[in-house]
Amino acid sequence: MGVRGLTTYVNNNQDVFMKRYYLHDTNLVIDGHSLCAQLYRLLNSFSAFGGDYDKFALSTRIFFKYLRKCNVTPYVIFDGCYETKKLKTVFNRLKSKLSSTSRLDPVTQDSLQIFPFLLRDVFREVLSDMKINYTICEFEADDDIASLARHMNCPVLSYDSDFFIYNVLYIPFNTLELKPKPIEENGVKVYVLESKIFRVQYLCEHFGGLNEELLPLLATLLGNDYVEKKVFRKFFSQLKLCKSKKKKNEQQRHIHTLFNWLQNETLDSAIAKILGRLKKRQKNKVFAIIKKSVEGYHKKNCESLKYFNVSECNSTLKTNLQMPNVEEQSNSDDDSTDVSENSDEDEEESQEAEETISEEKFDQIPIWFAEKIRYNKIPCAYLNLFVHHLHICNPQPEDFTEKDCFLCVLPILRYAFDILTDFSYDDCLYVCRENSVYKKLQVGREYSISRPVEVSFKEMNEEQLKLCFTHFLNLKLPNLDLSLIQMLPSNFQLFMISLLWWISTCSVPDVHVHSLIMSYITLEVIDEKTGTARGHYHFNNRHAKKLEELKKTEPTYKAAEDEIFLNKNKVQYEDCLIAASVILKLFEIDDSIRKRPKSYDIKKIHSFAQFQCVLHQINSLNTLCSSPFETTTFSKSYNGILIYNIALKLEKHADPIIFFNDYIKGATTVLLFYKSIYSLYKKLLEKMNLSTVQWSKKKRRTRGKKNLNDDISFIVKGFESDVLI
């Protein structure tokens with residue numbers, strides 16, 4: 001949620017509020033979404049090309065290996081779905097994201113920091129693979145993170161100013177050194193991550209014994225996602241701002257003034273004075289927000305304990321906060337003239353301020369559904385679909401003059417919604433992009449298909465859920481031959497199904513399919529044999545002698561005619577070396593783009609953005625339906641810059657297979673693996689009567705199913721403040 005300006009305030013006073021801390025031999029509670037974002041920001045990543053997920057996965061893996069080296073046991077907690085009262089904030093942030101994404105290109109990508117579409121999924125992939133403990137909360141995770149850290153008496157790692165208010169040991173991510181160093185402690189050598197730690201006690205002592213239970217009031221007064229600062233305009237007008245020798249903006253001076261004011265108040269007296277400056281109709285709403293804040297910041301019971309197999313704590317916070325009996329306080333004599341002269345303006349501002357206070361609504365999720373969320377049986381993509389009947393577009397680089405990339409998967413989204421809600425509702429909402437603004441789109445029953453089993457989602461067993469997935473494929477991808485799909489490597493089967501959906505609903509050039517297949521082979525097969533090296537020059541130098549020998553020798557593997565070669569374990573190491581020696585060049589931005597930034601082909605980016613939407617939704621539906629297929633490992637199948645560069649090369653050649661025969665000449669088993677996958681793909685296309693298109697940089701009509709090409713007359717006005725759930 002965040003307390004505006006508080007991170008800056010604490011950072012400017014680090015010597016007072018934080019102490020040096022060596023992180024080692026302890027538990028550590030981690031804010032999952034925050035850590036994911038911060039690790040990505042440290043990368044020199046190519047977000048304009050859709051995400052280099054392998055690079056991010058490697059960075060994440062290294063971070064957690066360093067924690068293990070320091071004997072730190074991480075417990076990662078993620079936010080779940082949006083709270084109703086936070087939706088307005090979500091939509092306002094979406095505006096900003098869309099605006100930034102519309103300006104994304106190879107030049108601006110370093111400054112705009114747009115997160116790739118599958119980033120959080122890749123982060124969780126790594127956690128699962130490394131067997132790192134994690135869980136997903138039903139709603140916002142901050143309270144649970146803090147209560148778990150208090151229960152385990154260990155630090156929190158995040159980059160969220162809320163944790164300056166919670167009574168926890170807090171390590172801000174920006175203070176953490178990411179490389180372990182050895183120190184001697186009690187005569188023993190240990191590895192540590194050096195950082196700084198914040199304790200509420202440091203702050204309270206600095207402000208003359210300030211009572212820590214007053215800190216949630218500071219968060220409320222400064223404005224958060226539930227109430228804006230202007231609601232307290234009259235209250236702040238009575239506070240005399242502290243003078244400062246240092247140049248500070250008004251928000252920083254307000255924070256300092258509030259700390260000084262609070263040290264002379266009790267919780268009850270402070271609340272009474274705050275409410276006394278509000279209109280009568282505002283008092284109950286603001287008090288409810290204050291009470292919720294106080295309870296949340298000091299919450300003791302933790303829902304996450306049992307999901308981490310940590311012994312539960314039965315203590316719960318009992319609050320005695322009661323609504324003070326206060327009258328609206330009149331203005332001073334000095335203010336009275338001012339008020340009378342500007343009564344209309346004040347009344348209008350007061351009304352505007354009242355509208356910024358979110359109603360105190362308590363979102364609830366059935367216990368059985370909460371359990372499914374916690375055990376990762378409900379994809380995160382579908383949480384808001386169940387609770388709010390709503391899905392929000394995740395901005396990604398695409399052609400903003402074309403239709404929203406996600407439109408090609410609305411039938412998948414609608415089917416997931418029907419399963420979750422037992423086929424009971426006429427509509428759900430997709431908040432989509434139209435040009436560079438967002439609109440709400442009703443996804444009605446025209447996207448629905450028949451119900452496969454007359455059993456509620458709550459009661460469905462594993463076999464019935466799996467039947468739901470195959471039922472969907474049978475109806476939406478007619479003539480899909482699952483026996484051919486099952487011949488493919490298990491971790492490529494959903495990838496292939498996604499390719500087929502993509503081709504059936506969008507205009508897809510054949511060279512784009514070749515690019516995606518080769519991306520999978522590079523990340524899944526070649527990397528596994530040669531390691532995840534990315535520097536082309538250093539790789540070739542390191543293996544120069546071996547590569548020279550391989551050029552002089554005949555291939556050891558002789559392929560039989562029409563052999564189907566689909567066992568990645570039989571792909572030879574030497575062949576992977578040969579392939580890697582040239583393919584590694586394609587993990588960097590092409591020189592043509594560096595010399596001519598306008599050559600950045602947004603049409604290609606748009607096409608691959610559509611595929612990412614399909615890949616994500618097919619995998620999400622598979623998870624919802626109890627995983628009849630192995631989930632795609634995104635970090636081992638998709639690298640945006642690699643895919644883009646391969647597509648650039650292929651479009652200059654009439655036959656991609658001939659190109660690869662020459663490009664990775666000598667990598668016999670790699671080529672066999674690639675040709676075998678492509679051969680099965682061609683058989684599937686033929687059976688399904690699907691075809692690809694010739695690539696053109698010119699604007700083209702989207703080819704696909706009729707209901708995706710119809711004029712979207714049901715896109716209605718944007719809804720910054722009138723979201724109906």
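The values are calculated or read from the model by the stated rules, or taken from the named source; none is laboratory data. Predicted model, so just to flag it, every value in this text is computed and none were measured. Don't worry about glycine lacking a Cβ; one is built from the backbone with ideal geometry, like all the others, and counts go over all protein chains shown. Heavy atoms of the whole protein, side chains included, go into the accessibility calculation; ligands, DNA and RNA do not. Shrake-Rupley method; radii C 1.70, N 1.55, O 1.52, S 1.80 Å.
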Could you say whether any residue in the stretch 575-592 is outside any helix (DSSP H, G or I), open to solvent by less than 30 Å² (accessible area, probe 1.4 Å) and within 16 Å of Tyr644 (Cα to Cα)?
-> yes
With criteria (1) over 23 Å from Asn567 (Cα atoms); (2) open to solvent by less than 40 Å² (accessible area, probe 1.4 Å); (3) modelled with pLDDT of 95 or more, Gly718 comes up short on (3)
Return yes when Val192 is surrounded by 14 or more Cβ atoms within 10 Å (Cβ to Cβ), at negative phi and in a loop (DSSP other than H, G, I, E, B) and no when it is not.
-> no
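Any residue at all in the stretch 420-441 that is part of a loop (DSSP other than H, G, I, E, B) and closer than 30 Å to Val231 by Cα? Reasoning before the result, please.
Filtering the stretch 420-441 down to residues part of a loop (DSSP other than H, G, I, E, B) leaves 421-427, 435-436.
Right, trim to closer than 30 Å to Val231 by Cα and you get none.
No: the stretch 420-441 contains no residue that is part of a loop (DSSP other than H, G, I, E, B) and closer than 30 Å to Val231 by Cα.
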Scan the stretch 467-482 and give yes if some residue there is crowded, with 23+ Cβ neighbours inside 10 Å, of a type in the set (A, V, I, L, M) and either closer than 30 Å to Ser679 by Cβ or under 23 Å from the mean Cα position of the chain (by Cα) (or both), otherwise no.
-> no
Answer yes if at least one residue in the stretch 82-90 is in contact with a strand residue (DSSP E or B) (Cβ under 8 Å, 6 or more places away or on another chain), buried (at least 23 other Cβ atoms within 10 Å of the Cβ), at pLDDT below 95 and within 29 Å of Lys603 (Cα to Cα), and no otherwise.
-> no
Exception for Lys649 within (1) surrounded by fewer than 20 Cβ atoms within 10 Å (Cβ to Cβ); (2) within 25 Å of Asp591 (Cα to Cα); (3) at pLDDT 95 or above falls at (3)
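I'd like to verify a number: residues in the stretch 513-561 that are surrounded by 12 or more Cβ atoms within 10 Å (Cβ to Cβ), of a type in the set (Gly, Ala, Ser) and at pLDDT below 85, how many?
3
The rows are residues; the columns are (1) more than 24 Å from Asp54 (Cα to Cα); (2) over 22 Å from the mean Cα position of the chain (by Cα); (3) open to solvent by 50 Å² or more (accessible area, probe 1.4 Å).
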| site | (1), (2), (3) |
| --- | --- |
| Phe608 | no, no, no |
| Val614 | no, no, no |
| Ser626 | yes, yes, no |
| Asn645 | no, yes, no |
| Phe660 | no, yes, no |
| Gly666 | yes, yes, no |
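This table checks each residue for (1) in contact with a strand residue (DSSP E or B) (Cβ under 8 Å, 6 or more places away or on another chain); (2) of a type in the set (Phe, Trp, Tyr); (3) open to solvent by 50 Å² or more (accessible area, probe 1.4 Å); (4) within 30 Å of Gln364 (Cα to Cα).
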residue	(1), (2), (3), (4)
Thr26	yes, no, no, no
His33	yes, no, no, yes
Phe46	yes, yes, no, no
Phe49	no, yes, no, no
Asp54	yes, no, no, no
Ser59	no, no, no, no
Phe63	no, yes, no, no
Ser102	no, no, yes, no
Leu112	no, no, no, no
Would you tally the residues in the stretch 129-159 being over 16 Å from the mean Cα position of the chain (by Cα) and open to solvent by 10 Å² or more (accessible area, probe 1.4 Å)?
-> 10
Does the stretch 162-171 contain any residue that is surrounded by fewer than 22 Cβ atoms within 10 Å (Cβ to Cβ), in a helix (DSSP H, G or I) and either of a type in the set (Val, Ile, Thr) or in contact with a Cys (Cβ under 9 Å, 6 or more places away or on another chain) (or both)?
-> no
Number of the condition not met by Tyr430 [criteria: (1) within 21 Å of Pro379 (Cα to Cα); (2) open to solvent by 10 Å² or more (accessible area, probe 1.4 Å)] | (2)
